[in-house]
């Protein structure tokens, strides 16, 4: 029997990698003030999901959606679902109809808001400003992971199905794999009981999700500011591992890009 595409169950689900997607999923992390937001603002037609409550000079005139303690997960999820369906402000003629890039600034702050929401759900503590969220119960971390995955899945679908660029910023963090000392401390030394066998510089995020972050993005960049001479600071974008700091690229970029901009890294997308 000859193949009939109109009756095929799997035909509509088949595709070819690289066939339609020209968008990029980029994670940029580095210290506060190093230029992450400025870099993101140079992406094509961006809209910012602002979780940092701040206005950067580079973002003036650009649209944003505020994300605060009023149901951050529901608001962010709803915004992304409407983007995926081209509803409301995303619909033809709406203020975001021509957006080509979604920026989450920053993922570190989004994580804090998600933790705060989980910590206050069902406690009657909504609106509390002094709630400690540094440690959640085990069940809370499971909910956090579920919501992190939910948001990132929507971002991936927006990249694949709507061909939107995704840019996520984050602060840096250092983690180490510890191993117990095999020998006792020498006289005069303080025996800590363990030592670090490996240190890793990673984007700052909470919970188990950080172990899978590398699979969610095409590009992961570490951005730093280096004083090359008195009074002159050069920003360096590392697209491959730099010391302890993780980074990767699928775009055949140089290992280090000085004073990076979106147009310098991806000239064909502007």
Legend entry - Packing-based ranking, highest mean first, of 3-15, 59-71, 237-249 given that Cβ atoms within 10 Å are counted: 237-249, 59-71, 3-15
Inset, instruction - Quickly rank 141-151, 80-90 as a protection proxy: mean count of other C-beta atoms within 10 Å, highest first. - result: 141-151, 80-90
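Where a number appears in this text, it was derived from the coordinates with a stated rule and is not lab data. None of the values given here were measured: they were computed from a predicted structure. When we count neighbours, we look across all protein chains shown, and the Cβ atoms used for this are built from the backbone with ideal geometry, even at glycine.
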